[in-house]
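A quick write-up on the structure given underneath.
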């Protein structure tokens, strides 16, 4: 016997008005919110009388569709895509089951299956994403408990970050023949900003009077963890930016004048890495590790590095702690027991 349920979501029609779509296995109903403003429509949608889901048998795909509508005003496009991929992966592993019947065993099977297809880090990202989504399902009353809470992420062995020595970095720069990309690479090491943060940086984010860079959330970009931060500019970066200062727009643009594409940045960087014969393990993100590693080697405190990197927890920054072993040795030599 087919499961019977009702699912609702917001949809904007060609007339500009937002409608609430009520759909089940047999039919679809459109209810106008009477407004063209998404904020007002979303408020009406959230406060609507809840349709009774017979036996609470809503499938993963149905919940994913409803969750997607909710997510438009709460998450960035990158996060939306991550939720979409995670739902699809779950369905491919355990089928389009009703949320009510998903068990801890299903979650464990999902992790085991995905671990054979992608990296453990990717599995854990999908796990956390789905766990967060199922928390919303609990909040909406679709399920009583989140089975993902009864499972844990797969333990990932701690790896030392891949970074470039100063000699390797100078070698890399000799192979970069594009002026803008040359500046991007120097900027990435000097500020230790993430790729997405650099690409979405605008001239309005640069405070030349205080010589600081504001890394903040925007309509089309959200800082990781939604935690904005301020990074001081080195004298070198200050001079580079001052020389090419503009009244508005993105800091770094391509030859077409448009914002740099993240995939193109990574691929171009990889070509230069291969051209100068450096390790295949070096990626654009390694530039962030490079700057942090150099600071640690210069005896900068881990807490200071944590603040520059934007880590909310010192545990994440601990991956660089091995670089300060010499500093610890110098400190321990200060103890003269005799």
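Remarks
- So residue 177, is it under 26 Å from residue 304 (Cβ atoms), loosely packed, with under 14 Cβ neighbours inside 10 Å and assigned by TED's automatic domain parsing to the domain that holds residue 279: no
Residue-by-condition table, conditions (1) touching a helix residue (DSSP H, G or I) at 6+ places or on another chain (Cβ under 9 Å); (2) under 22 Å from residue 312 (Cα atoms); (3) outside the structural domain of residue 190 (by TED's automatic domain parsing):
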position	(1), (2), (3)
222	yes, yes, no
228	no, yes, no
234	yes, no, no
243	no, no, no
275	yes, no, no
279	yes, no, no
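- Complete set of residues in the range 120-145 that are surrounded by 12 or more Cβ atoms within 10 Å (Cβ to Cβ) and in a loop (DSSP other than H, G, I, E, B): 140, 142, 143
- Looking across the range 80-99, the residues that are buried (at least 16 other Cβ atoms within 10 Å of the Cβ) and under 26 Å from residue 261 (Cβ atoms) come down to 82, 83, 86, 87, 89.
- Qualifying residue in the range 262-277 (condition: surrounded by 13 or more Cβ atoms within 10 Å (Cβ to Cβ), within 16 Å of residue 180 (Cβ to Cβ), in contact with a strand residue (DSSP E or B) (Cβ under 7 Å, 6 or more places away or on another chain) and in contact (Cβ under 8 Å) with a residue 40 or more places away in the chain): no
- Residue 103 being surrounded by fewer than 16 Cβ atoms within 10 Å (Cβ to Cβ) and free of Cβ contacts under 8 Å to residues at least 24 places away in the same chain: no
- Filter result for residue 154 (assigned to a loop (DSSP other than H, G, I, E, B) and more than 20 Å from the chain's Cα centre (by Cα)): no
The values are calculated or read from the model by the stated rules, or taken from the named source; none is laboratory data. Owing to the predicted nature of the structure, the values given are computational and were not obtained by experimental measurement. Reconstructed Cβ throughout: ideal geometry from the backbone, glycine too, with neighbour counts over all protein chains shown.
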